[in-house]
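Structure first, then comments.
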Amino acid sequence: MIVIGGGLAGLAAGVSLADSGWRVRLFEQRPFLGGRATSYILPDGEHVDNCQHVTLGCCTNLEDFYRRVGSAHKIKFFDRLVFLDVQGRRGEIKAGALPAPFHFAGSFASFAPLTLRDKLSIARAMFNILRHKGDPPDLHEANAISMLGWLRRRGQTKGAIDRFWRVVLVSALDEELDRTDARFGVDVFWKAFLSNSTGYRMGVPVVPLSNLYDGCKSEIERRGGEVVLRATVRGLKIENGQLTGVRFDENREESADAYIFAIPHTALAELLPESMKQSDPSLANLDKIKTSPITGVHFWFDRHVMDEPFLTLLDTTTQWIFNKSLFYQGADDQLKLAASCESENPSSFSVTRQSLATRHYLQLVISASYDLLQKSRQEIIDLCLAEVLHALPRARHAELVKATVIKEAAATFSPELGVDRWRPKQTTSIRGLFLAGDWTQTGWPATMEGAVRSGYLAAEALLGANGTPKTFLQPDLSPNGLLSG
Ligand SMILES: Cc1cc2nc3c(=O)[nH]c(=O)nc-3n(C[C@H](O)[C@H](O)[C@H](O)COP(=O)(O)OP(=O)(O)OC[C@H]3O[C@@H](n4cnc5c(N)ncnc54)[C@H](O)[C@@H]3O)c2cc1C
């Protein structure tokens, strides 16, 4: 069978099918695996993630995938989320001694950036989610309701919306509250914050993202399969209405019994011939799925500027600051990676080694960064640097050695109102054609967890159609504490 696309969706599908004894041939257009959740070397030799990626305790399928490919130990989990406002007030979210759903009661009560009125309004909305086990009835109204509308119905204060709901959800869903379907927003709070006391724990890779996929190629090859990089599928071969192959450059063709297309929906929409879109209505609406941007800003200072692993900033353009130097500290894999860079490009090694030894590397994330798309890179650097200097007093005495801005205009699909009706299932009505990708029907927003789920679901669909059904999908975390049973 053939998988097209070496992002998390394609890798999850490929590895799980290889595990089931299938000979998988995976074709990826870029020279490395991981898709959007990867890292690469900039022209100046610096190895950067395509933006910081984090996982949460509730992402059970991503965790399963990392275990399968031997990368679980490369993720470090943190159980304390720190928020900082421009007045310097700090708030913490950390599970305390009380059982779920009251595990945050202690840290929430002392959360300084929110007023008592804000907190009471948040508590009311949380009880509403709890009472309905994460599925309040108004999420099912004929006209989808936005997260902002849902919060306003529940009388949320401006402080609660701007300094709590928006902060968590824009990062989790990469969209503004007025454009987000409330179904996704409520689900984040149910799965990550209410139903289980470990669902919110934040997992951060302690290696560059591309190192997480080292085991995928060997898993696929172990079963006689292959991973082919720099292989761009340019078209489909259709004979008598059936998909019989895929076309590459120089008229090369490959064929198989089944195909999983695990490429972004925008790329698939361009590849699919009109006849296929007409024969399967679920393929006809891919262009209705909109996208939203994320901007990553990378700063290298000449000395130590930050102790916390990460900080969430309130009331600023910068949403998160990640302490990359801390994550990579002492990480063998990072040094191995630097060594492998050295053999290919000696100057990149010196940059990487120097960055580990003396410089302090921070990565800033701004989700739903519509306002930054028109700004120049220098304007973004100036804006974010001023915010970092305000938040991190030690940075005021440091020199900014280097800065890079990476704007992704189409970072994720937008979880806008009613988007689920445009997301196709992993099975199509075209024989042998299966789909994977965070944008397919997974119930999840555009996340690494959603991508892995889609890959597992596509593999299950393929095995089901072959008459050899198997389950790869992992269950959600079970409710615990007072909600268990
Ligand atoms: C800046 C940014 C920050 C993010 N932060 C987070 C985060 O913190 N946590 C989180 O969970 N998620 C995050 N995400 C979302 C996450 O990266 C994606 O949901 C996930 O990686 C999608 O995986 P995928 O396999 O569905 O798609 P992709 O990763 O896009 O993979 C598709 C692959 O198909 C390949 N391809 C495309 N066309 C062809 C072709 N014609 N032939 C061959 N190959 C082709 C592409 O090169 C790519 O490798 C972030 C995304 C971005 C962009």
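Quick notes on this structure:
- Residue list for the stretch 29-48, filter: farther than 26 Å from VAL233 by Cβ and among the charged types (D, E, K, R): ASP44, GLU46
- One residue stands out in the stretch 26-52 among those that are at pLDDT 95 or above and surrounded by fewer than 19 Cβ atoms within 10 Å (Cβ to Cβ): the one that is nearest to ALA256 (Cα to Cα), namely GLN29.
So that you can scan it fast, the table gives a plain yes or no per residue for (1) more than 10 Å from the ligand (Cβ to nearest atom); (2) part of a helix (DSSP H, G or I); (3) over 30 Å from GLU176 (Cβ atoms):
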site: LEU236; (1), (2), (3): yes, no, yes
site: THR244; (1), (2), (3): yes, no, yes
site: GLU270; (1), (2), (3): no, yes, no
site: SER275; (1), (2), (3): yes, yes, yes
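- Hits in the stretch 130-158 - residues which are aromatic (Phe, Trp, Tyr) and surrounded by fewer than 18 Cβ atoms within 10 Å (Cβ to Cβ): none
- Here the stretch 438-451 is the region considered, the condition is being within 9 Å of the ligand (Cβ to nearest atom) and of a type in the set (S, T, N, Q), and the residue that is farthest from GLN426 (Cα to Cα) is THR447.
- A residue that is within 10 Å of the ligand (Cβ to nearest atom) and either of a type in the set (Gly, Ala, Ser) or under 19 Å from TYR66 (Cα atoms) (or both) can be found somewhere in the stretch 429-437.
- Subset of the stretch 370-399 (residues that are among the aliphatic types (A, V, I, L, M), more than 16 Å from the ligand (Cβ to nearest atom) and surrounded by fewer than 16 Cβ atoms within 10 Å (Cβ to Cβ)): ALA386
- Top-ranked residue in the stretch 58-68 [being within 28 Å of TYR40 (Cβ to Cβ) and under 18 Å from the mean Cα position of the chain (by Cα); ranked as surrounded by the most Cβ atoms within 10 Å (Cβ to Cβ)]: PHE65
- Under the condition of being of a type in the set (Ser, Thr, Tyr) and under 29 Å from the mean Cα position of the chain (by Cα), the residues counted in the stretch 103-119 number 1.
- Criterion (touching a strand residue (DSSP E or B) at 6+ places or on another chain (Cβ under 8 Å) and either crowded, with 17+ Cβ neighbours inside 10 Å or closer than 18 Å to ASN480 by Cα (or both)) met by exactly one of PHE77, PHE102, PHE108, PHE127: PHE108
- Test for ALA123: is it without any contact (Cβ under 8 Å) to a residue 24 or more places away in the chain, of a type outside the set (Phe, Trp, Tyr) and outside any helix (DSSP H, G or I): no
- Residue check for ARG163: modelled with pLDDT of 95 or more, buried (at least 19 other Cβ atoms within 10 Å of the Cβ) and touching a Pro at 6+ places or on another chain (Cβ under 6 Å): yes
- Within the stretch 245-263, the set of residues being surrounded by fewer than 15 Cβ atoms within 10 Å (Cβ to Cβ) and at negative phi comprises ASP249, ARG252, GLU253, SER255, ASP257.
Each row is one residue, and each column tells you yes or no for (1) assigned to a strand (DSSP E or B); (2) surrounded by fewer than 22 Cβ atoms within 10 Å (Cβ to Cβ); (3) more than 16 Å from the chain's Cα centre (by Cα).
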| position | (1), (2), (3) |
| --- | --- |
| LYS407 | yes, yes, no |
| ILE430 | no, yes, yes |
| PHE434 | yes, no, yes |
| GLY443 | no, yes, no |
| ALA446 | no, no, no |
| GLU449 | no, no, no |
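- Selection from the stretch 364-397 of residues that are among the small types (Gly, Ala, Ser), touching a residue at least 24 places away in the same chain (Cβ under 8 Å), out of contact with any Lys or Arg (no Cβ under 9 Å at 6 or more places or on another chain) and not in a helix (DSSP H, G or I): SER367
- Scanning the stretch 140-149 for residues that are assigned to a helix (DSSP H, G or I) and under 24 Å from the mean Cα position of the chain (by Cα), we see that the one that is farthest from ASP162 (Cα to Cα) is MET147.
- Residue match in the stretch 452-467 (condition: assigned to a loop (DSSP other than H, G, I, E, B), near the ligand (Cβ under 10 Å from one of its atoms) and under 16 Å from the mean Cα position of the chain (by Cα)): no
The values are calculated or read from the model by the stated rules, or taken from the named source; none is laboratory data. These numbers come from a predicted model, not from an experiment. So basically every Cβ, Gly included, is an ideal-geometry build from the backbone, and we count neighbours across all protein chains shown.
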